[in-house]
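In what follows, a single structure is set out as structure tokens and then discussed.
Each reported figure results from applying straightforward, stated rules to the coordinates on display, with no laboratory input. Since the model is a prediction, treat every value here as computed from it, not as a measurement. Every residue, glycine among them, receives a Cβ derived from its backbone with ideal geometry; neighbour counts consider all protein chains shown.
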Amino acid sequence: MTDSDNEPSPVVGIDLGTTYSCLACWNESLGRAEVIPTPSGRTMPSWVGFTDRGKVVGMPAKQQVSANPKNTVFDVKRIIGRSFHDEVVSEESKQFPYRVVEGSAGEPRITVQWRGKEKHLAPEEVSAMILSELRIAAEAHLGVDVKDAVITVPAHFNNLQRQATKDAGRIAGLNVRRIINEPTAAALSYGLHENSTNDSMSKSNVVIFDLGGGTFDVSVLVMNEGVFEVKATGGDTHLGGEDFDNTIFDWLIKEMSSEVSTKVMSNARSQARLRRGIENAKKALSSSSTHLLEVDALVEGFDFSVELSREKFNELNSTLFQRCIETVKSVLVDAEASLDEVSDIVLVGGSTRIPYLQEALFELFDKRIELCKTVHPDEAVAIGAAVQGHILASGGRGGGQDLQTISTDLLLLDVTPLSLGIELEGRLMSTLIKRNTAIPCRKTRTYSTVSDWQTRIGVVIYEGERPSIDANNKLGSFVISGVERARAGEPKVDVTFALDANGILNVSAVDQVTGAEAKATIKAEKGRLSDAEIERMVEEAEQYRREDAELAVKLDYKTSLEEAIFAAQSIEQNKTIADESAEKELADLFDWLELDSDTATMEEMKVRGRQIEDRWGLLIK
């Protein structure tokens, strides 16, 4: 595929989510951004499944998790850009059915069996597999090579997490033109909608409430005639819909008999099937007051069934819901905006469908503001990223009727979520850039030596809000040599922090007298992928692309067959008179599925499927 000589190369917008990802691109003929469907639908599960034959991504990976839990990876966004010893990584590792181990440089590595070998994958590599699947979908839809992308991240992502996301894009064969904050992207999508329906947009404060599967962000923006300026942002990179699921899971385990709960907790397949039922129940409770959560043959000889009410769901998650509301209040304080100065509340992310949260927000603002649902909560972020991509592709000219009033500064009026500074004597942090400072920005402060005749100064960079560096996150360090040889306190060294539009930091130090200079782009000092590793991952992905596509079709059918066997077993268990031949037939089918299906052809799989359909009348898709 090649791009037309007359058309700029498209820059796709990608919402790389914790649980689901979404892809969009500007459609010139329509004059707006549109979502690009994937084989998994308009949103794609951020899941990757590994087998001896290859890998599958998206819905095929999610569907086969119960049969392959230890080699199916999800929620990788929760650990990307973190160290193995990070508290979040430690806690998440207890929940994952797959294994997370420490890499050689102190980074987390995900252990799976893939193509007959044990592999230790970096979170960036797994994220790249998701991004690569989205890139393939974009190329199929647009009919051209797709190389450039704008990728979104939670507003509260730190420098290392943003850099790791850029690396993931590079592994996927993408040139990441810009990293932008998810609430900012959503606001742009919302702003375009409003701009297309209003002749003149007056100045107003807008709250973006972005609650997805694994992360939570709140941003307050000032909107003035099509230009948005982020005033403050806050949130939690470890709070989302999956945490609500976890509270229900823990409650159900306690409600079961000790015998059943022990069996479930020792069986990754049973856990995966129970979690899938919980997710479906949560979605159902957004539109009904109760839901019957059923899992046939959860463990041997036990069909699980419980009626879950919306009231009980709210009760179990009340503490997490309150954290969401308190964050809104806190960000409004940072933005110096009162509740009655807010004109709009925009809901983004699938978890904002939860009725309790909608009601709590409505109550918080004294029932005077209707919650904005004109933007699709699952697609708004990707659409906003695509708009930014279009601006970049057209050289900042905008183009398209809806962009006439939008300046190229629109997405640049964002803020940094965390304060940035350097270490001083006594392990104190000297802040150069305060949190919620508009980016891009540049700040310079002058420092000196602490010892007589000192000619070298180590510059150690941190992010965080605590006065002591011990409670903050180290980003990196470098040394400036050639400092003026003088008594302590006499040399003058200017340290400059430059934060770009991606939220990635560049630091430089210059001696005012000698002119000695040192600089660094601050990236993770440990755990970063080398250029050689990235190239290997790119080549490996291309090498197995066709085989992986064929495997996805087969695993999709295998999952349907497995569920049909469970359903047939449930039918047999509920009969008053046992049918031993039927039970044996199902046991044999299940053994075949477990032991021989990986090497079977698609036709051999369908022969077993017809067995189930003919005897038990169950349709296998």
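Given the -39500 (n - 2.57) contribution per DSSP H run of 4+ residues, what per-residue ellipticity at 222 nm results for the chain, rounded to the nearest 500 deg cm²/dmol?
-11500 deg cm²/dmol
With distances taken between every two different alpha-carbon atoms, the stretch 204-278 has a Kirkwood hydrodynamic radius of 15.1 Å. Taking the average, over residues, of other Cβ atoms within 10 Å as the packing measure, peptides 495-506, 153-164 rank 153-164, 495-506 from highest down.
The convex hull of the Cα atoms of the chain, projected and averaged over all directions, covers 31.4 nm².
Translational D (Stokes-Einstein, µm²/s) of the stretch 541-605 at 25 °C and 0.890 mPa s when Rh comes from the Kirkwood sum over C-alpha pairs?
Diffusion coefficient, whole number: 182 µm²/s.
Only the Cβ atoms of Lys and Arg (+1) and of Asp and Glu (-1) were treated as charged; on that basis the dipole of the chain about its Cα centre amounts to roughly 1220 debye. Computed from the C-beta positions of R115 and S318, the FRET efficiency with R₀ = 60 Å rounds to 0.85. Label-to-label distance, L292 versus S261, with points set 7 angstrom from Cα along the beta-carbon direction: 2.5 nm.
Our estimate of slack between Q95 and D500, defined as 0.36 nm per intervening residue step minus the Cα-Cα distance, is 142.2 nm.
In this calculation the C-beta distance from D145 to C441 is compared with R0 = 41 Å, giving a FRET efficiency of 0.70. Relative to the Cα centre, the charge distribution of the stretch 545-616, modelled as +1 at Lys and Arg Cβ and -1 at Asp and Glu Cβ, gives a dipole magnitude of about 240 debye. Can you flag which of K70/K606; K94/K254; K263/K584 are past 19 Å Cα-Cα? Cα-Cα > 19 Å for K70/K606; K263/K584; rest within.
The loop-placed chymotrypsin sites (Phe, Trp or Tyr not before Pro) in the stretch 422-465, going by DSSP, that have at most 16 neighbouring Cβ atoms within 10 Å of their Cβ come out as W453.
For A105 and D366, the FRET efficiency from 1/(1 + (r/R0)^6), where r spans their Cβ atoms and R0 equals 60 Å, is about 0.70. With both labels modelled 7 Å from their Cα along Cα-to-Cβ, the E580 to E425 distance reads 8.9 nm.
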